[in-house]
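Everything on this sheet refers to the single structure shown next.
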Amino acid sequence: MLKKISTPKAPAAIGPYSQAVIAGDMLYASGQIPINPETGNVDAVGIEAQAEQSIKNVGEILKAAGVSYDNVVKTTCFLADIADFAAFNEVYAKYFTEKPARSCVAVKDLPKGVLCEVEVIAYLK
């Protein structure tokens with residue numbers, strides 16, 4: 001049976017999906033974009049600020065599931081511009097200190113015209 005994770009400290013889903021789902025000992029979190037959960041808007045400007053907000057949103061979902069960034073085994077990161085790769089990595093490295101497996105790709109567009117999106121898979125034990 002799947003358990004859905006939801007927290008008001010991360011942006012509400014903007015479509016027909018859950019913030020995260022637990023299956024067995026694994027948490028599968030939907031991609032987080034830099035929406036400020038307090039305002040519902042993208043307030044952050046620039047890749048560094050947007051990466052911070054996206055990753056903090058991920059952190060709130062992890063916390064709601066009772067785990068932390070250290071439990072993350074895989075991330076998938078989407079960038080609107082691959083030229084932002086180095087700047088994104090600077091922010092990313094502050095949070096994902098255990099260096100989980102990762103894919104990072106540039107995509108044509110992201111929801112709401114944001115510069116990045118981050119999704120994670122985490123182990124719950």
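Things worth noting here:
- Note on the chain: percent of Cα-Cα distances in each 10 Å bin, starting at 0 and stopping at the bin with the largest distance, equals 14, 49, 33, 4, 0.
- Angle between the chain longest axis and helix 47-64 axis [Cα atoms, degrees, rounded to 10]: 10
- Free-standing Cys, the chain [no other Cys Cβ under 4.7 Å]: Cys116
- Lys, Arg +1 and Asp, Glu -1 on Cβ, resulting dipole of the chain about Cα centre, debye, nearest 20: 480
- Spatial separation of Cα centroids for segment 71-125 and segment 14-43, in angstrom: 14
- Qualifying aspartates and glutamates (Cα of each under 20 Å from Cα of Lys56; at least 8 residues distant if same chain): Glu38, Asp43, Glu48, Asp70, Asp84, Glu90, Glu98, Glu117, Glu119
- The calculated FRET efficiency for the pair Lys108 and Ala12, based on their C-beta separation and a Förster distance of 22 Å, comes to about 0.30.
- Over 22 Å (Cα to Cα) - which of Lys4/Lys94; Lys4/Lys125; Lys74/Lys94; Lys63/Lys125 fall in this group: Lys4/Lys94
- Lys, Arg +1 and Asp, Glu -1 on Cβ, resulting dipole of segment 1-60 about Cα centre, debye, nearest 20: 280
- Extension gain for Lys63-Glu38 works out to 7.3 nm (0.36 nm per residue, less the C-alpha to C-alpha distance).
- Dipole of the chain, positive end: most advanced residue of Asn36, Thr76, Pro16 [Cβ charges, Cα centre]: Pro16
- Three-way shape label, segment 62-113, alpha-carbon gyration tensor, a/c 1.5: prolate
- Between helix 85-95 and the chain: long-axis angle, C-alpha atoms, 0 to 90°, nearest 10: 40
Computed from the coordinates by the stated procedures, all read-outs in this text should not be read as laboratory data. Given the structure is predicted, the values throughout are model-derived calculations rather than measurements. A quick note on method: Cβ atoms are made from the backbone with ideal geometry, for glycine too, and the neighbour counts reach across all protein chains shown.
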